[in-house]
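The values are calculated or read from the model by the stated rules, or taken from the named source; none is laboratory data. On a predicted model such as this, the values are computed, not experimentally measured, just so you know. FYI the Cβ positions are ideal-geometry reconstructions off the backbone, even for glycines, and counts take in every protein chain you see.
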Ligand SMILES: Nc1ncnc2c1ncn2[C@@H]1O[C@H](COP(=O)(O)OP(=O)(O)OP(=O)(O)O)[C@@H](O)[C@H]1O
Ligand SMILES: [Mg+2]
């Protein structure tokens, strides 16, 4: 078997006495779309933060294509090829759509500049359904369009691993269908993705495998249907009204 | 339109033409007057250079530096110590180097901290450098000052400061169309996003601070011949740091030309106060500082811009992109 795109090995993160991520391990294969699910507060975002470098792990190791990246600064990790979106959408409000996406194409894993970066930004805007709106200030955009901007910005660096933190949350049913097919397209083109999501339909439709977390611990991993039917997962979700 | 293309835009051409015309007019000042107005002109030009250099860094980062006097004094002392041994232009470069190095050290030490620590650190540092120089000088030379004799007169200093100001503007414009400028825009919007798209935010800020410090060092070097007799208390005078902040904030730091709007009236005001009420300059500075921060935190240019946006939105025209920083 070829080397995993990303390996999380006994990753740990504590906030004072709280263990938000408790010795979690899993691999993400090349070209795989891995779902990361679990009840609210189970440590999913924190885990993504450890991978992207937003937070330093308290223990364990994270390997990108076999290279250790755990504990590196976020900008180093970005340059090595990890891109992400944020649970609470983060756009660059004073810049227009094109500049927002260019920000992802200039400093990261792929470093372009000038006309090339601009062309790439336009292509990606088109791709996420914002063609022709290059010069709209993002602060004037709707929530879903801002999420599209974030996705295009993450894709602009041509990341080796893409982290999506509830990218589908807050979309209405029609938008959700559009969003799902967009991610499906990324999967088909062979992107390696970790997707944190509460929308179970999306997980079932899109993911090859999933990892389930509860209170910081990984409680299941495997094919989506198998993982979801494990007793411990059922128990974790039954105690949680968001399931 | 957008700040990133490599070709000049119409707007940039127009700004360049207006700028060139203003520079020519300013350069003619010494032809008309060699006394009072030239002396005032030198002061205005000095603070124009200092405030734009300061804004190069503080505009996009919003960090308030009170270290200007330290960079300035290092420049002045480079000339003071070296004038008998090395050619003046080389000493100016050495002054720039000293400013940049000191800024780099300050940056590495503090720019990872929040803004408040930065202000205090820079103020303390400038004071420390002044004390060190005083101490060193008294130990080594047993004199408190240095004599600088050159052939430069006020008008030469005026022209050099004018050239420096032009250089700061050109640098600012080049930075704005570079990766560094784009990085600063992203950082100004959201530092977390900046880091996650691969920007080394600390490094970008340090580079910018070093550029700014180098220019302030050059200004100090250019002014050295003006003093004739250089003392630590005049070369590292903390008033310089405070005046730079006051004038830059008065004008507004969102655009590189913003501070000029503050420099001209405030230098004239200070000139008047120093002449008429020499014991009250500190009070005037203090009051001005409070008034600016309290009433016009975005400066005069900020006020004008706000009014314009309001007018435009009332007339239903498309809003300008507020984030575009232009020199
Ligand atoms: N910076 C922080 N400081 C202190 N505690 C934190 C911090 N970030 C997260 N936590 C805590 O860690 C735990 C896990 O939070 P996390 O945001 O990772 O959960 P999540 O699985 O993403 O939840 P959700 O589905 O609601 O987004 C929570 O108890 C949270 O309060
Ligand atoms: Mg979360």
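Checking residue A:48 against (1) crowded, with 19+ Cβ neighbours inside 10 Å; (2) within 14 Å of ligand 2 (Cβ to nearest atom); (3) more than 26 Å from residue A:125 (Cα to Cα): exactly one of these is not met. Which one?
(3)
Which ones in the range A:156-185 are crowded, with 19+ Cβ neighbours inside 10 Å and within 21 Å of residue A:126 (Cβ to Cβ)?
Filtering the range A:156-185 down to residues crowded, with 19+ Cβ neighbours inside 10 Å leaves A:156-157, A:159, A:161-168, A:179, A:183.
Across the range A:156-185, the qualifying residues are A:156, A:157, A:159, A:162, A:164, A:167, A:168, A:179, A:183.
Kindly evaluate residue A:5 against the criterion of being within 16 Å of ligand 2 (Cβ to nearest atom) and more than 14 Å from chain B (Cβ to nearest Cβ). Before the answer, list the steps.
Details: within 16 Å of ligand 2 (Cβ to nearest atom): no; more than 14 Å from chain B (Cβ to nearest Cβ): yes.
Against the criterion (within 16 Å of ligand 2 (Cβ to nearest atom) and more than 14 Å from chain B (Cβ to nearest Cβ)), residue A:5 does not qualify.
Restricting the search to the range A:151-192, which residues are in contact with a strand residue (DSSP E or B) (Cβ under 9 Å, 6 or more places away or on another chain), within 16 Å of ligand 2 (Cβ to nearest atom) and touching a residue at least 60 places away in the same chain (Cβ under 8 Å)?
Those that are in contact with a strand residue (DSSP E or B) (Cβ under 9 Å, 6 or more places away or on another chain), within 16 Å of ligand 2 (Cβ to nearest atom) and touching a residue at least 60 places away in the same chain (Cβ under 8 Å): A:163, A:164, A:165, A:166, A:167.
Could you identify the single residue in A:130, A:125, A:64 that is within 29 Å of residue A:198 (Cα to Cα), touching a residue at least 24 places away in the same chain (Cβ under 8 Å), more than 9 Å from chain B (Cβ to nearest Cβ) and in contact with a strand residue (DSSP E or B) (Cβ under 8 Å, 6 or more places away or on another chain)?
On inspection, the qualifying residue turns out to be A:64.
Among the residues of the range A:3-24, which ones are assigned to a loop (DSSP other than H, G, I, E, B) and free of Cβ contacts under 8 Å to residues at least 24 places away in the same chain? Steps first, answer last, please.
First, the residues of the range A:3-24 that are assigned to a loop (DSSP other than H, G, I, E, B): A:3-5, A:16-17.
Residues satisfying the conditions are A:16, A:17.
Do the conditions hold for residue A:45, that is, is it at pLDDT 95 or above, within 15 Å of ligand 1 (Cβ to nearest atom), within 14 Å of chain B (Cβ to nearest Cβ) and not in a loop (DSSP other than H, G, I, E, B)? Steps first, please.
On the way: at pLDDT 95 or above: yes; within 15 Å of ligand 1 (Cβ to nearest atom): yes; within 14 Å of chain B (Cβ to nearest Cβ): yes; not in a loop (DSSP other than H, G, I, E, B): yes.
The answer is yes for residue A:45.
Taking the range A:133-150, which residues are surrounded by fewer than 24 Cβ atoms within 10 Å (Cβ to Cβ) and either more than 11 Å from every other protein chain (Cβ to nearest Cβ) or under 13 Å from residue A:175 (Cβ atoms) (or both)?
A:133, A:141, A:142, A:143, A:144, A:145, A:146
Mind telling me which of the residues A:37, A:51, A:69 ends up being closer than 27 Å to residue A:189 by Cβ, touching a helix residue (DSSP H, G or I) at 6+ places or on another chain (Cβ under 8 Å) and more than 14 Å from chain B (Cβ to nearest Cβ)? If you could, list the steps in order and put the result at the bottom.
On the way: A:51 fails: more than 14 Å from chain B (Cβ to nearest Cβ); A:69 fails: more than 14 Å from chain B (Cβ to nearest Cβ).
Testing whether each residue is closer than 27 Å to residue A:189 by Cβ, touching a helix residue (DSSP H, G or I) at 6+ places or on another chain (Cβ under 8 Å) and more than 14 Å from chain B (Cβ to nearest Cβ) leaves just A:37.
Residues of the range A:205-221 being out of contact with any strand residue (DSSP E or B) (no Cβ under 6 Å at 6 or more places or on another chain) and either within 16 Å of ligand 2 (Cβ to nearest atom) or free of Cβ contacts under 8 Å to residues at least 12 places away in the same chain (or both), which ones?
Selection gives A:213, A:214, A:215.
How about the range A:193-204: which of its residues are away from ligand 2 (no atom under 14 Å from the Cβ) and within 19 Å of residue A:233 (Cα to Cα)? Full working, then the answer.
First pass over the range A:193-204, keeping only residues away from ligand 2 (no atom under 14 Å from the Cβ): A:193, A:200-204.
Result: A:200, A:201, A:202, A:203, A:204.
Residue-wise test of (1) within 16 Å of ligand 2 (Cβ to nearest atom); (2) farther than 22 Å from residue A:154 by Cβ; (3) more than 17 Å from the chain's Cα centre (by Cα); (4) surrounded by 18 or more Cβ atoms within 10 Å (Cβ to Cβ).
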| site | (1), (2), (3), (4) |
| --- | --- |
| A:32 | no, no, no, yes |
| A:37 | yes, no, no, yes |
| A:52 | yes, no, no, yes |
| A:55 | yes, no, no, yes |
| A:63 | no, no, no, no |
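With the requirement that a residue be surrounded by 17 or more Cβ atoms within 10 Å (Cβ to Cβ) and not in a helix (DSSP H, G or I), what does the range B:122-151 give you?
Within the range B:122-151, B:145, B:146, B:148 qualify.
Give the residues of the range A:75-111 that are at the interface with chain B (Cβ under 7 Å from one of its Cβ atoms), within 24 Å of residue A:28 (Cα to Cα), at pLDDT 95 or above and surrounded by 24 or more Cβ atoms within 10 Å (Cβ to Cβ), sorted by residue number.
If the condition is that a residue be at the interface with chain B (Cβ under 7 Å from one of its Cβ atoms), within 24 Å of residue A:28 (Cα to Cα), at pLDDT 95 or above and surrounded by 24 or more Cβ atoms within 10 Å (Cβ to Cβ), then A:78, A:84, A:104 are the ones that fit.
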